Amino acid sequence: MAKPLILIVAAIPVVLAIMIAIPMISNPQIPFNAANADDHISVEFTKHHLKKISFGLTDRLSADRTEILRISNDGTARYLLTSEGTPRPEKTVLLEKADVKRLTALVKETGFMQIPIDSISADEQKTEYTKFSLKVVLNGNTKQIQWVEQNATSALVPPIVSQVESSLESLLRKVNSQ
């Protein structure tokens, strides 16, 4: 009599865990309802492709290519590209409202604005890497963070930052293709 009762009691947490895990696994995206109509967001995402140039005793970092994406609350995206020191004409594109809402929800839902770090620098021995800079203004609160790609540092780039980076990279490709 005791063994069936123990099995039933032990099965209850397993069933509850499965009921919680199934929706998380089947829908891993950030919900749109995290963003509301009163939210105001402004984003400036910068991507530098850096190379270390040696002048004998001194080293200097030089940007081969710099991409800047500015997104305003109304969906206006401005894209600036500087390649080998030469600026290209600015592109202005109107993003879909869903893209801006998805970005707002991502920033709000993941806790991006509360990340305690401001900068993750590259290891000294790295000679070529990509450096990112992001400034987000959400409802008057500002968060600015700079980081390098994961393979250029021994520090851990938080998964929240990587998730926001991949979302902004896809928007950057979208704007660049238009």
Cβ-Cβ cut-off under 13 Å around Ala63, Lys and Arg +1, Asp and Glu -1: the net charge is +2
Rounded to 10°, Cα long-axis angle of helix 159-177 versus longest principal axis of the chain = 50
Counting only C-alpha contacts under 8 Å and six or more residues apart, can you give the relative contact order of segment 38-178 as a whole percent?
-> 26
Rounded to 10°, Cα long-axis angle of helix 97-110 versus longest principal axis of the chain | 70
Picking from Arg102, Arg70, Arg60, which is most flexible by a Gaussian network model of the chain using Cα springs under 10 Å?
-> Arg60
Name the residues whose placed amide hydrogens come within less than 5 Å of the amide hydrogen of Leu61, ignoring near sequence neighbours (fewer than 5 apart) on the same chain.
-> Ile53
Would you work out if segment 64-115 is rounded, prolate or oblate? Take a ≥ b ≥ c from the square roots of the eigenvalues of the alpha-carbon gyration tensor; rounded if a/c is under 1.5, else prolate when a/b is larger than b/c, oblate otherwise.
-> oblate
Helical contribution to [θ] at 222 nm, DSSP H n ≥ 4, -39,500 (n - 2.57), averaged over the chain, rounded to 500 | -11000 deg cm²/dmol
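Determine the alpha carbon to alpha carbon distance for each of Lys47/Lys101; Lys108/Lys174; Lys52/Lys97 and list only those over 30 Å.
On the way: Lys47/Lys101 22 Å; Lys108/Lys174 22 Å; Lys52/Lys97 40 Å.
Pairs exceeding the cut-off: Lys52/Lys97.
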GNM of the chain, Cα pairs under 10 angstrom: of Leu168, Leu94, Leu69, the biggest fluctuation goes to Leu94
quick shape note, segment 113-178: Cα extents on principal axes in Å, largest first -> 37, 32, 16
Diffusion constant of the chain at 10 °C, which comes from Stokes-Einstein with the Kirkwood Cα-pair radius and 1.306 mPa s, µm²/s = 84
In a Gaussian network model of the chain with springs linking alpha carbons closer than 10 Å, the residue among Glu67, Glu96, Glu149 that fluctuates most is Glu96
Under the classification rounded if a/c is under 1.5, otherwise prolate if a/b is larger than b/c and oblate if not, where does segment 76-156 fall, given a ≥ b ≥ c as square roots of the Cα gyration tensor eigenvalues?
-> oblate
Report, in degrees rounded to the nearest 10, the 0 to 90 angle that the Cα long axis of helix 2-26 makes with the longest principal axis of the chain.
-> 30
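Values in this text are rule-based calculations from the coordinates and carry no lab data. Note that the coordinates shown come from a computational prediction; the quantities given were computed from them, not determined experimentally. Quick reminder, even Gly has a Cβ in these numbers, built from the backbone with ideal geometry, and neighbours come from all protein chains shown.
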